[in-house]
Amino acid sequence: MKFDLNCKQVTHLVLQREDRSLSWRERLGVRFHLLICKACPRFVRQVELMRGAMGRWKRYGDEAAGGDAPPER
């Protein structure tokens, strides 16, 4: 894999990172691209924000299903 990735390739790899571990070449290519691009780091932050929100939502749903839900007002 070459290290001069374009934005489309980087966004694909960032999303793939959710499902599998990237190779060292892929990780290095993404890092180099993130150093020179202004848009892709924003995309990475957005993906991390969505992942965190989904994790909190899932934990909340698990608590509600288990009977540990906060009392209703």
Just a yes or no: is a residue in the range 18-36 in contact with a His (Cβ under 9 Å, 6 or more places away or on another chain) and at pLDDT 95 or above? no
Does the range 8-50 hold any residues that are loosely packed, with under 15 Cβ neighbours inside 10 Å, assigned to a helix (DSSP H, G or I) and among the small types (Gly, Ala, Ser), and which are they? Ala39
Under 8 Å between Cβ atoms, which residue pairs at least 6 apart in sequence (or on different chains) link something in the range 12-26 that is within 19 Å of Gly55 (Cβ to Cβ) and in contact (Cβ under 8 Å) with a residue 12 or more places away in the chain with a partner that is hydrophobic (A, V, I, L, M, F, W, C) and surrounded by 11 or more Cβ atoms within 10 Å (Cβ to Cβ)? Val14/Val30; Val14/Cys40; Val14/Phe43; Val14/Val44; Val14/Val47; Leu15/Val47; Glu18/Val47
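The values are calculated or read from the model by the stated rules, or taken from the named source; none is laboratory data. Predicted model only: the values in this text are computed from it and were never measured. Every residue, glycine among them, receives a Cβ derived from its backbone with ideal geometry; neighbour counts consider all protein chains shown.
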